[in-house]
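Read through the structure below, which is laid out as structure tokens, and then see the notes.
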Amino acid sequence: MLERNNNILDKIFKFESMINDNESVFLDLDEVEDIILYYLNEDNFDYAEKAIRYGIDLYPESLNIIILKSEFLLTTDKINEAEKLVTKFIKSHKNNSDLIFQKAKILTSNKKYKQSIKILTNLSYDSQLEFFVNDLLFKNYMNIENYTNAIKFGKKIISNNPEDRICFDKLISCFKLSKRNSEAIKFLNKFLDKNPYSTQAWYELGKLYFEQKKIKESKACHDFAIISNENFSPSYIELGKIYEKLEDYSKAIYYYKVIDSQNKSSSFSLYRLSRCYEKLDDYEASIRYLNRIVEEDPLYEKAWISIAKYYLRKNDHDKAIENLNMALNIISKNY
């Protein structure tokens with residue numbers, strides 16, 4: 001990895017020295033492509049444009065550089081220019097799968113999802129392009145809310161790339177948006193048979209079971225998530241919620257406190273912690289967490305309301321009204 005980084009930096013130094021010294025230096029095609037990609041990845045569009053211009057002057061017939069130029073135009077919001085450029089070269093290279101794929105990608109960026117899908121479904125491509133085609137089809141079908149086909153392509157991606165967290169999260173969203181929670185549970189159980197240490201899969205499965213009121217199964221899933229990754233705070237929150245549901249507030253407090261000990265607390269987790277103490281009639285512990293919430297997140301109106309209730313219990317009506325007004329001010333600004 002270090003050798004690769006040094007190699008690309010050597011190329012960049014060579015190119016930038018040429019530009020700064022206004023000299024002519026020969027770079028082979030692979031070097032030019034690497035330099036353009038480097039600048040695009042670094043969002044250095046000024047030098048990316050210079051490298052593209054240099055590459056086209058030196059290699060005017062290179063389709064790879066044309067595709068990189070279209071990518072530059074796409075990244076700099078010149079979508080129509082990018083489409084015209086690629087369309088022009090497709091006319092003389094009708095069977096070039098990389099060019100055709102780039103056309104589909106540009107159409108997607110221009111929100112022409114159905115046109116992009118039509119191109120991709122008729123495209124002949126090799127294994128190197130397979131992931132990118134499936135990924136673009138997945139995004140296109142999600143954008144037109146065709147969740148049946150989106151799930152189909154999402155599954156294809158995940159079967160070959162089980163660590164692809166972004167795709168995994170989107171796939172689960174497709175199941176939920178199309179109200180296919182039972183199908184999602186089946187998918188996750190099969191996925192976990194092959195990937196038993198997938199923290200995210202255990203977490204998602206646990207949430208789905210909780211929605212179906214299968215508390216025992218939900219708890220087991222979150223326990224497995226924590227076994228897979230003991231620092232995974234979302235499952236500690238879910239376990240806290242489960243024990244609140246079971247009215248075992250002491251156990252719920254334990255899980256919310258674990259999150260706090262990991263310095264991963266949110267206003268939500270601290271609020272749930274305060275509510276658990278309130279359920280146990282430990283109002284002083286509850287108010288400590290409520291005060292902490294409004295100090296760290298003064299726009300969390302639920303905390304102000306609970307503080308108002310705390311002072312009402314103590315018959316301190318002035319402070320109760322003061323805190324209630326804080327909550328009402330926040331609520332009024334949100335509507």
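Observations on the structure shown:
- Failed condition for K264, given (1) over 21 Å from A320 (Cα atoms); (2) in a helix (DSSP H, G or I): (2)
- Given (1) over 29 Å from the mean Cα position of the chain (by Cα); (2) in the same structural domain as S235 (by TED's automatic domain parsing), number of the condition I259 does not satisfy: (1)
- Residues of segment 278-335 satisfying the condition of being of a type in the set (G, A, S) and either under 24 Å from D260 (Cβ atoms) or modelled with pLDDT of 95 or more (or both): A285, S286, A303, S306, A308, A320, A327
- Wholly within segment 1-84, helices (runs of 4 or more DSSP H) carrying at least 2 residues that are of a type in the set (A, V, I, L, M), surrounded by fewer than 19 Cβ atoms within 10 Å (Cβ to Cβ) and modelled with pLDDT under 90: 2-21
- For segment 170-180, residues that are surrounded by 12 or more Cβ atoms within 10 Å (Cβ to Cβ) and more than 17 Å from L136 (Cβ to Cβ) total 7.
- Only one of the listed residues (S286, S332) is crowded, with 19+ Cβ neighbours inside 10 Å, farther than 25 Å from N229 by Cβ and of a type outside the set (F, W, Y). That residue is S286.
This table checks each residue for (1) closer than 20 Å to K207 by Cβ; (2) in contact with a Gly (Cβ under 7 Å, 6 or more places away or on another chain).
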| site | (1), (2) |
| --- | --- |
| E130 | no, no |
| V133 | no, no |
| I151 | yes, no |
| N160 | no, no |
| I166 | yes, no |
| K170 | yes, yes |
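- Enumeration of residues in segment 233-253 that are of a type in the set (D, E, K, R) and in a loop (DSSP other than H, G, I, E, B): E247, D248
- Condition met for F101 (over 26 Å from N146 (Cβ atoms) and part of a helix (DSSP H, G or I)): no
The values are calculated or read from the model by the stated rules, or taken from the named source; none is laboratory data. Given the structure is predicted, the values throughout are model-derived calculations rather than measurements. Reconstructed Cβ throughout: ideal geometry from the backbone, glycine too, with neighbour counts over all protein chains shown.
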